[in-house]
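The values are calculated or read from the model by the stated rules, or taken from the named source; none is laboratory data. All values reported here derive from a predicted model rather than from experimental measurement. Here the Cβ is made from the backbone with ideal geometry for all residues, glycine too, and neighbour counts use every protein chain on show.
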Amino acid sequence: MSLDNDKGKISLATLQILEKYLTPRSFRKGQLLWSEGDTDGLLVFLKSGRVKIYRLLPTGKAITLYIFGKGSVFGFMPFFDDAPYPAYAQALDNCEAEVISRSGLRQAVHQDPEVAIVLMKHLARRLRDAFDTIERLQSKGTDPKVASAMLALVEDAPDLSHKPVILTLPISSHEFAQSLGLTPESFSRSITHLVEKGILKRLKRNRFQVLDSEALKDVAENAMW
């Protein structure tokens, strides 16, 4: 799973190109923006809230692939390959967004080829982020994976040096562990390691305080500790 951070957000210049084609839209918590297999959909610029992208396995279990946050643009991939959506998109919070329909996006590209250029650049950055995620998930040990994922949850904080920095898992701990390629038991052990080292503090279920952001970064980078 990837958690959106500054690398995944669009630039002001990109937003200025897209904004004349965008229309306001709200999504309530739990609402599906689209389902796997849908052939129509939306380009979404998320102004507030979070959206989960997930797939259902044949067993019925859900695997979270991505969580988009404020400032992200997503949902336009089917425009490039004319294929159905490969996953579900569900609002984790009440969300405010600006959107373009699939047909509207086609029209916008015909009117302004710059729209396609900025979206392809954005898609390329997403691909690079995916490569980084794959490399991280293949790193040795579970602690760097968990620390990196936890750090991604607080990268939107204005200043990590200002305490308290609080993070909340956006999905259940079981699903969060699965999305990292870990068993729930391995995930729990890594959290315990971070707590014992004074890096995290458990507040309540799925909610933590970051006590030492620099140490968390060191663990995420696979430093010895």
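Here are the numbers:
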quantity: All helices (runs of 4 or more DSSP H) inside the range 152-225 with 3 or more residues being of a type in the set (A, V, I, L, M, F, W, C) and modelled with pLDDT of 90 or more; calculated: 184-196
quantity: Residue match in the range 87-98 (condition: farther than 28 Å from LEU167 by Cα and not assigned by TED's automatic domain parsing to the domain that holds GLN178); calculated: no
quantity: Search result, residues across the range 43-100 that are aromatic (Phe, Trp, Tyr), over 16 Å from the mean Cα position of the chain (by Cα) and surrounded by 14 or more Cβ atoms within 10 Å (Cβ to Cβ); calculated: PHE79, TYR85
quantity: Check on ARG28, in contact (Cβ under 8 Å) with a residue 60 or more places away in the chain and either of a type in the set (S, T, N, Q) or outside the structural domain of SER179 (by TED's automatic domain parsing) (or both); calculated: yes
quantity: Conditions (1) more than 24 Å from GLN111 (Cα to Cα); (2) at pLDDT below 85; (3) under 14 Å from the mean Cα position of the chain (by Cα): number failed by ILE10; calculated: (1)
quantity: Flag for LEU18 being outside any loop (DSSP other than H, G, I, E, B), surrounded by 20 or more Cβ atoms within 10 Å (Cβ to Cβ) and aliphatic (A, V, I, L, M); calculated: yes
quantity: Contacts under 6 angstrom Cβ, first residue in the range 143-172 being small (Gly, Ala, Ser), partner at pLDDT below 75, 6 or more apart; calculated: SER148/ARG136; ALA152/LEU3; ALA152/ASN5
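Residues are listed down the side, and each one gets a yes or a no for (1) modelled with pLDDT under 85; (2) farther than 30 Å from ILE191 by Cα; (3) in a helix (DSSP H, G or I):
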site	(1), (2), (3)
ILE100	no, yes, no
GLY104	no, yes, yes
ALA116	yes, yes, yes
ASP129	yes, no, yes
THR133	yes, no, yes
SER139	yes, no, no
